[in-house]
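So the structure is just underneath, and the comments pick up after that.
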């Protein structure tokens, strides 16, 4: 899995990059054990669980270090990415396509994790728009450090056939420099309809220092090719040629890491499978 991954570039992000690599390794170890014939080995599973706990502790230390450690002035952070209200220190997506069936056109489970830093005294909450061309999106809140997210919709939007939703982390009343970590799984029940080629967009609504994406394909539908695009605001999508996704594990895993992504941006992945 790590053979074609630019590990050095990811580690330049710091502890957040290291946590991403450790989480990816945990996922790989569990997948390898699941592929074995017969029952999973208890000793191996216990070792993997221990490794996952260590990763969780490491992630907690990263969050605590960001909250308790020296803080850069808000103006400096704002100037870095143009952030005014919120900055996402790290934004990670795990796109699980393994349950997708051609007959049902789903489901696809996408787990989103945000490490949020509030920069100003705004009373606006951290809100990210969502949409689907299918019938619905379901949300399952996995964890949060202080405020549970909210997911509302669908809403009708004039001129759009898609169903629109609002994903909100209610931290508008928190003081500046407040940090929040949330993780939510979104299930797209039948929004992925094309058995030959598909696309998906990661919404980077607020400026983000690190955006990490892992896409897992079904064992019977490995990825044939994949491209990544940047879609700024309402502009046209632009191919990202300098930083392309990496395919590994017999083309069943695609990984991509982007640094310093401006707000109101979407990162689009187009693939043949």
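Values computed for the structure shown
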quantity	calculated
Selection from segment 217-252 of residues that are under 20 Å from residue 193 (Cα atoms) and in a strand (DSSP E or B)	225, 226, 227, 228
Test for residue 165: is it free of Cβ contacts under 8 Å to residues at least 40 places away in the same chain and not in a strand (DSSP E or B)	no
Residue list for segment 215-227, filter: over 12 Å from residue 269 (Cβ atoms) and touching a residue at least 12 places away in the same chain (Cβ under 8 Å)	216, 218, 219, 221, 222, 224
Any hit, segment 190-197, residues being surrounded by 21 or more Cβ atoms within 10 Å (Cβ to Cβ) and either out of contact with any strand residue (DSSP E or B) (no Cβ under 8 Å at 6 or more places or on another chain) or more than 13 Å from residue 132 (Cβ to Cβ) (or both)	no
Residue match in segment 228-235 (condition: touching a residue at least 40 places away in the same chain (Cβ under 8 Å), crowded, with 18+ Cβ neighbours inside 10 Å and over 29 Å from residue 144 (Cα atoms))	yes
Verdict on residue 212 being part of a strand (DSSP E or B), within 17 Å of the chain's Cα centre (by Cα) and under 21 Å from residue 268 (Cβ atoms)	yes
Meets criteria (surrounded by fewer than 17 Cβ atoms within 10 Å (Cβ to Cβ), in contact with a strand residue (DSSP E or B) (Cβ under 8 Å, 6 or more places away or on another chain) and assigned to a strand (DSSP E or B)) for residue 114	no
Output for segment 114-145, where each listed residue is more than 20 Å from the chain's Cα centre (by Cα) and under 22 Å from residue 209 (Cβ atoms)	119, 120, 121, 122, 124
Given (1) part of a loop (DSSP other than H, G, I, E, B); (2) under 24 Å from residue 193 (Cα atoms), index of the condition residue 267 fails	(1)
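Just so you know, all these numbers are worked out from the coordinates, no wet-lab data involved. Quick caveat, the model's predicted, so the values are computed rather than measured. A quick note on method: Cβ atoms are made from the backbone with ideal geometry, for glycine too, and the neighbour counts reach across all protein chains shown.
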